[in-house]
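Everything on this sheet refers to the single structure shown next.
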Amino acid sequence: MEKERKRYLEAGEIVNTHGLRGEMRVLPWADGPEFLTGFSVFYIDGKPHRAESCRVQKTCVLLKLEGTDDVDAARALRGKTVCIDREDARLPEGSVFVQDLIGLRVIDQNGTEIGEITEVIQLPKHDVYVVRGAAGEYQIPAVKEFIKKTDTDAGTVDVVLIEGMLSDAN
């Protein structure tokens, strides 16, 4: 059963204005802010907006959209979610969008379905998949020792479980 994929992916939030000419500070929801600099069109509330400029400043992206020419226009977009079109994205080999992981069925080393991914916790060293199923909640580090195969087309992730991955809070 193939999982339906969203065309527009949430990529960050406009957290503030920058300067007086309509630039906005975007907090990216990607592995790094550089990822967003590769896009020429962003989507806000489902509407396309062409980027006049997009550059990295520390951990944020400074984005200037066509038609957003002053601080008041930029301020009106504060708090909005910035989306990208999946078709415009180029991911490194073996990478997937976090949004494509949510809802995947998780199969352990014995071939037993233990639940589905409900959340991905993004930590500095590696992500952690939160899997909820009949036995409770698992937290599985997204590293090659535990994640053996991710097949977004089939809607599954094959994992190796060890003691301690099942939460005590069940």
Could you check how many residues of segment 91-131 are small (Gly, Ala, Ser), over 19 Å from TRP29 (Cβ atoms) and assigned to a loop (DSSP other than H, G, I, E, B)? 2
What's the total number of residues in segment 142-162 that are in a loop (DSSP other than H, G, I, E, B) and at pLDDT 90 or above? 10
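Could you list, in sequence order, all residues of segment 132-168 that are without any contact (Cβ under 8 Å) to a residue 40 or more places away in the chain and of a type in the set (Ser, Thr, Tyr)? It would help to see each step written out before you state the result.
Keep residues of segment 132-168 that are without any contact (Cβ under 8 Å) to a residue 40 or more places away in the chain, which gives 132-149, 151, 162-168.
Correct list: TYR138, SER167.
The values are calculated or read from the model by the stated rules, or taken from the named source; none is laboratory data. Keep in mind the model is a prediction, meaning the values are calculated, not measured. Don't worry about glycine lacking a Cβ; one is built from the backbone with ideal geometry, like all the others, and counts go over all protein chains shown.
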